[in-house]
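The values are calculated or read from the model by the stated rules, or taken from the named source; none is laboratory data. Quick caveat, the model's predicted, so the values are computed rather than measured. Here the Cβ is made from the backbone with ideal geometry for all residues, glycine too, and neighbour counts use every protein chain on show.
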Amino acid sequence: MLFDQPTIGQSQYGEYYLYSVRNGDGQTEYSFFAPTEVHEHLKELRKGDRALITKLAEQKGSKIVTRFEVVPEKAVRSAGSVGGVGAGGVGTSDNFYEIMLGSCKDAIRIQNELGGMMDAKSIAVTLFIARSRMPAGGQT
């Protein structure tokens, strides 16, 4: 965080919380409009403090529900790993990280094979959705 407090204001959509932050590379500064649930965690932090913010999506019926996980740097360091943190970031036992990584790699291969006529991000999301719905073993 670059400042102790966010800029708090009001817009047509309600109250907002604007944080000035640096990404993990330490070089690039960003303006981050934190959702209320994230602001509740970040307001305890001060200038120079770090946190890992992960946006998670879960399908509930026909709706996709998003939520945020905020882990202050101290908690990340003291735990050594959060839910199986590895080189790829926050992991979970649900295998979604591996499914997404494989889907992204396959999407890039498909895009290259088709001469760039398809968007790799769209392909990756489609593959991820299909694969994450498959039972273990890949049989439907």
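The residues on offer are L127, L52, L56, and the sole one that is at pLDDT 85 or above and assigned to a helix (DSSP H, G or I) is L127.
Residues being polar (S, T, N, Q) and either under 23 Å from the mean Cα position of the chain (by Cα) or closer than 18 Å to R50 by Cβ (or both): count how many of those fall in the range 8-29.
Of the range 8-29, the ones polar (S, T, N, Q) are 10-12, 20, 23, 27-28.
Add one more test, that the residue is either under 23 Å from the mean Cα position of the chain (by Cα) or closer than 18 Å to R50 by Cβ (or both), and what stays is 20, 23, 27-28.
Count: 4.
Selection of first residues in the range 1-14 that are among the hydroxyl-bearing types (S, T, Y) and of second residues that are modelled with pLDDT of 95 or more and in a strand (DSSP E or B), restricted to Cβ pairs under 7 Å at least 6 apart or on distinct chains, gives the following pairs, ordered by first then second residue: T7/L18. Taking the range 45-68 on its own, how many of its residues are among the acidic types (D, E) and without any contact (Cβ under 8 Å) to a residue 24 or more places away in the chain? The total comes to 1.
Out of all the residues in the range 14-43, which are modelled with pLDDT under 90 and either within 23 Å of T66 (Cα to Cα) or surrounded by 13 or more Cβ atoms within 10 Å (Cβ to Cβ) (or both)? Even if it seems obvious, please write down each step before you answer.
Pass one, the range 14-43, residues modelled with pLDDT under 90: 22-28.
R22, N23, G24, listed by residue number.
Inside the range 26-46, can you point out the residues that are of a type in the set (D, E, K, R) and more than 13 Å from M1 (Cα to Cα)? Reasoning before the result, please.
In the first step, residues of the range 26-46 are kept if they are of a type in the set (D, E, K, R); the result is 29, 37, 40, 43-44, 46.
Of everything in the range 26-46, those that are of a type in the set (D, E, K, R) and more than 13 Å from M1 (Cα to Cα) turn out to be E37, E40.
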